């Protein structure tokens, strides 16, 4: 998601006339070093993590040392995977994933069935109105991942790790805290996903590294397992009623 949204952000920069600091203006002839600098400047990833994602991503695409067009990042089952939070699965026989965002899936992501605001968030929203947005925390993310893998089919271990990792990066990069809950502000995330750009006011405030992603990804996995176990217990309970 992060690398794909970086690609989208560069296209949006072309539309608005601003100069993206990290990518070819037309999305062609993009080298790993361009992606590396984009991850550093745009998202605040540290040196090692930005290098891991950019050069490792090109290696996964079998494009190491070569320039690519940005659409190649969407080659199915390389970096891209099924059960995306906002895209449909890649149709059978297709080499590249759909690039169109399903706005129904976006709406579902921000549905209260996935996002369950804390009392502190509700109180803050009541006090400040539209200035306060609900947060997408790790538990909310886990619920969304469980839901999408039910709808779109299960992922293998590697794909599931990538899926958790990409949203864990977003949680680390964009995360803010209200009360005891840390999460991605829903309005910021929606702009990033749906409008394919970052809000004009947003700038990275801290450095994000591999450990930040890994620890959050592990927590999401733990929560996913917990949610699935609870759903299984509920299902068995209904069968015995």
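The values are calculated or read from the model by the stated rules, or taken from the named source; none is laboratory data. Keep in mind that this is a model prediction, so the values were computed, not measured. Using ideal geometry, Cβ is built from the backbone for each residue, glycine included, and neighbour counts are taken over all protein chains shown.
Is it the case that residue 207 is over 27 Å from residue 107 (Cβ atoms), under 15 Å from the mean Cα position of the chain (by Cα) and surrounded by fewer than 19 Cβ atoms within 10 Å (Cβ to Cβ)?
no
Quick one: is residue 143 in the same structural domain as residue 116 (by TED's automatic domain parsing), part of a helix (DSSP H, G or I), in contact (Cβ under 8 Å) with a residue 12 or more places away in the chain and closer than 27 Å to residue 123 by Cα?
yes
Residue check: is residue 177 surrounded by fewer than 19 Cβ atoms within 10 Å (Cβ to Cβ), modelled with pLDDT under 95 and not in a helix (DSSP H, G or I)?
Taking the combined requirement at face value, the residue satisfies it.
Quick test of your reading of the structure: residue 67 fulfils all but one of (1) closer than 29 Å to residue 157 by Cβ; (2) at pLDDT 90 or above; (3) touching a strand residue (DSSP E or B) at 6+ places or on another chain (Cβ under 7 Å). Name the failing condition by number.
(1)
Go through region 32-137 and tell me which helices (runs of 4 or more DSSP H), entirely inside it, have 2 or more residues that are within 18 Å of residue 170 (Cβ to Cβ).
32-43, 47-60, 103-109
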